[in-house]
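Structure record follows, encoded as structure tokens.
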Ligand SMILES: NC(=O)c1ccc[n+]([C@@H]2O[C@H](COP(=O)([O-])OP(=O)(O)OC[C@H]3O[C@@H](n4cnc5c(N)ncnc54)[C@H](O)[C@@H]3O)[C@@H](O)[C@H]2O)c1
């Protein structure tokens, strides 16, 4: 089938490339011409493991192409995916300006029947809004149907999540369109990767409900972790003990410094706002968000207990992206912590395997040294904060770290290490929801 994917960010580029990989002809569109020029040269705007090879292969076999010309892409395609950004507005509602603009373009340029599919995360009712905009802007008579096909991929694991999804959700009020969408996905549908057909509005709600549930699980375990710390219990044991219950499940029970990224924070807030518009108060989600905001600062509380005054002290940070295997720093706990450390006069030495540059651009001229390896980041430091669970932070040379640091305090925001490292290496070790081990 001939597909256009409009918006070539994390979701659009992965979606377009994977559809090409399973045999469709795909044109990826972006309004950012420099992004398109770079993609044509094989240079990707994002880091996603395995994506570069897939883009190269499918471009070479001519199933995947890139353009900034939305008119051409709309004219040539039977199915048009919207994968543009829906960032939060000031009041946290999803900003639908890019969605509206693409819908208007479809109205302007469509010359034959189209299926218009929303992959962007959009509030319930947006499918109807898109239909209205297309109708208002249509120049020639053509038929179209609207689909909601929410995306559940995880950055860092996006290709596998697309090709081997837990489920494919397709919402449409048109039966024939549902059947075409199933055919589109046929190469990846089987018993383990089922196709779920719903009405349009239910699919729109499914995406927000899924993210809100996962965010709730994270805030829940963090709340229990903070209680464990006070009650002298160990959150790792507690998480194992509850997670083995199949009704609960082990995933998303790792206590830490809160969720970040481009989806959970914005989607939880947007759902709360959409609730208000429908006269519904999400009391639970208000609490989820509050717990998460507090959790991002929990390492700072520990740091200020060690040093009531941190002006002039060097503080090391390992991990800047909101999670490993991505360069995405949107709503990352690191950003909140760096801001607070700088406000309090600390000097920062930071290292991330791929996100140093983007954080550097966010804090121009600030007192941050971006190190080229984890050890360089610890030189002369009074405390090391571990913020992201990158694999390279899992088995470091603690003896070397201790030598490099001025004072050996490790504050592990992801519970990457076992508390026994403290006595083994004569390091003071602080983590989340477990006993802090102070050696000296
Ligand atoms: N990133 C994720 O992990 C993820 C997962 C699931 C769903 N989503 C949702 O998918 C959507 C896209 O997210 P993303 O992370 O890929 O965003 P992104 O910011 O990385 O990419 C969006 C792209 O759309 C382009 N764009 C904006 N307006 C355009 C227009 N009018 N015409 C053509 N291109 C336009 C931008 O230039 C950008 O390249 C959002 O709604 C997001 O909530 C994201």
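The values are calculated or read from the model by the stated rules, or taken from the named source; none is laboratory data. Since the model is a prediction, treat every value here as computed from it, not as a measurement. Reconstructed Cβ throughout: ideal geometry from the backbone, glycine too, with neighbour counts over all protein chains shown.
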Checklist entry - How many residues are over 11 Å from residue 74 (Cα atoms) and more than 14 Å from the ligand (Cβ to nearest atom) if we restrict to segment 104-123? => result 0
Checklist entry - Would segment 184-197 turn up any residue that is in contact (Cβ under 8 Å) with a residue 60 or more places away in the chain, surrounded by fewer than 16 Cβ atoms within 10 Å (Cβ to Cβ) and out of contact with any helix residue (DSSP H, G or I) (no Cβ under 8 Å at 6 or more places or on another chain)? => result yes
Checklist entry - Just checking, which of 97, 65 is assigned by TED's automatic domain parsing to the domain that holds residue 120, free of Cβ contacts under 8 Å to residues at least 40 places away in the same chain and under 19 Å from residue 21 (Cβ atoms)? => result 65
Next on the checklist: When you check residue 301 against the structure, is it at negative phi, at pLDDT below 95 and more than 16 Å from the ligand (Cβ to nearest atom), yes or no?
Outcome noted: no
Next on the checklist: Restricting to segment 251-286, name every residue that is closer than 20 Å to residue 238 by Cβ and away from the ligand (no atom under 16 Å from the Cβ).
Outcome noted: 251, 253, 254, 255, 256, 257, 258
Next on the checklist: Quick check on segment 57-79. Is at least one of its residues over 24 Å from residue 325 (Cβ atoms) and modelled with pLDDT under 95?
Outcome noted: no
Checklist entry - Does residue 91 satisfy the criteria of being closer than 25 Å to residue 260 by Cβ, in contact (Cβ under 8 Å) with a residue 24 or more places away in the chain and more than 13 Å from the ligand (Cβ to nearest atom)? => result yes
Next on the checklist: Looking at residue 163 and the list (1) modelled with pLDDT under 95; (2) touching a helix residue (DSSP H, G or I) at 6+ places or on another chain (Cβ under 8 Å), which single condition is not satisfied?
Outcome noted: (1)
Item to check | Among residues of segment 302-340, those that are touching a helix residue (DSSP H, G or I) at 6+ places or on another chain (Cβ under 8 Å), part of a loop (DSSP other than H, G, I, E, B) and under 30 Å from residue 158 (Cβ atoms), counted | outcome: 9
Checklist entry - Hey, does segment 156-170 have a residue that's under 25 Å from the mean Cα position of the chain (by Cα), farther than 21 Å from residue 26 by Cα and in contact (Cβ under 8 Å) with a residue 60 or more places away in the chain? => result yes
Checklist outcome for this item: Restricting segment 134-160 to residues that are within 14 Å of the ligand (Cβ to nearest atom) and more than 19 Å from residue 325 (Cα to Cα), the one surrounded by the fewest Cβ atoms within 10 Å (Cβ to Cβ) turns out to be 137
